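Below: one structure, written as structure tokens.
The values are calculated or read from the model by the stated rules, or taken from the named source; none is laboratory data. This structure is a prediction, so every number in the text was calculated from the model and none was measured. Don't worry about glycine lacking a Cβ; one is built from the backbone with ideal geometry, like all the others, and counts go over all protein chains shown. Heads up: the accessible areas ignore ligands, DNA and RNA and are worked out on the full protein's heavy atoms, side chains in. Shrake-Rupley method; radii C 1.70, N 1.55, O 1.52, S 1.80 Å.
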Amino acid sequence: MKETIIGEGGYVYKQETLLTVLKTSLFFANDGYSVYDCKGQLVFRVDSYGPDTRDKGEIVLMDAHGKCLLTVRRKRPSLHQRWEGFKGERSDGQKPFFSVRRSSIIGRSSVSVEVYNNPGEEYQIEGSFAQRCCTIFNAGKESVAEIKRKVDASTNVVLGKDVFSICLKPGFDGAFAMGLVLVLDQINGDETITEGAQVEPITED
């Protein structure tokens with residue numbers, strides 16, 4: 001089965017690859033991101049323009065040069081919390097190429113991903129994004145990507161939750177993985193607001 005590839009396939013790696021994700025603002029939930037490879041080179045970025053970004057309902061993932069790779073937006077109206085992904089910058093009438101739906105089971109974090117026009121390609125995300133500890137599984141229950149806390153290599157200290165890692169298995173598109181991260185961040189932000197919790201500041205453990 002051929003897996004989803006964004007753009008020209010420049011974000012599919014032949015070897016297991018670790019990307020570092022940095023939240024670029026600590027003042028609001030669901031802000032911008034910068035994503036770096038193991039050499040410290042910028043790979044992706046997501047810009048935000050303050051706390052009103054959430055109300056627009058759309059988030060754009062760009063490459064290092066500002067080219068739009070994909071857009072995610074909340075589907076409205078929707079009985080269940082559902083998000084849709086579009087290749088490039090979304091235009092009116094454009095059909096999504098994937099959708100993400102959160103499981104309605106309280107206390108169990110499970111998110112389903114459906115890819116359109118590619119029968120058999122679907123994913124399940126299990127774990128806790130709030131704790132930066134979750135895994136993306138394909139239809140064959142194989143791990144294709146993992147989100148985990150970032151550890152400072154020099155001090156062996158676990159960094160705050162605004163810095164984390166995405167471990168990509170060979171063949172899984174990094175841009176697609178980052179698009180799923182954006183949706184998970186939105187879902188997590190919604191849960192935080194619903195529960196009346198405060199946004200957790202970055203801490204040095």
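Which order do Cys68, Cys133, Cys167, Cys38 take by accessible area at a 1.4 Å probe, largest first? Walk me through the numbers before you get to the answer.
Numbers: Cys68 30, Cys133 85, Cys167 5, Cys38 115 Å².
So, going from the largest accessible area down, we get Cys38, Cys133, Cys68, Cys167.
Roughly how many nanometres apart are two label points built 7 Å out from the Cα toward the Cβ at Ser34 and Arg76?
According to this spin-label approximation, the distance is 3.2 nm.
Please state the shape class of the range 136-190: rounded when a/c is under 1.5, otherwise prolate if a/b exceeds b/c and oblate if not, all from the C-alpha gyration tensor. Don't skip to the answer; put the middle values down first.
On the way: a/c = 2.37, a/b = 1.35, b/c = 1.76.
Note, shape of the range 136-190 comes out oblate.
Grab the Cα-Cα distance for Tyr116 and Thr24, subtract it from 0.36 nm times how many residues apart they are, and report the gain in nm with one decimal.
Numbers: separation 92, 0.36 × 92 = 33.12 nm, distance 3.16 nm.
So the extension gain works out to 30.0 nm.
Report, in cubic angstrom per residue, the convex hull volume of the C-alpha atoms of the range 83-178.
Details: hull volume 13.4 nm³, N = 96.
Convex hull of Cα atoms, per residue: 140 Å³.
Could you state the principal axis extents of the C-alpha atoms in the range 111-161, from the largest down, to the nearest angstrom?
Result for the range 111-161: principal-axis Cα extents of 46, 18, 16 Å.
Rank these residues by their accessible area, most exposed first, probe 1.4 Å: Lys39, Lys67. Please list the in-between numbers first.
On the way: Lys39 165, Lys67 130 Å².
Highest to lowest solvent-accessible surface, that is Lys39, Lys67.
Tell me the label-point distance for the pair Cys68, Ser154, using the 7 Å Cα-to-Cβ offset, in nm and rounded to one decimal.
4.0 nm
Enter the accessible area per residue of the range 96-175 (Å², integer; probe 1.4 Å; all protein chains in place). Don't skip to the answer; put the middle values down first.
Details: 3710 Å² over 80 residues.
Solvent-accessible surface per residue comes out at 46 Å².
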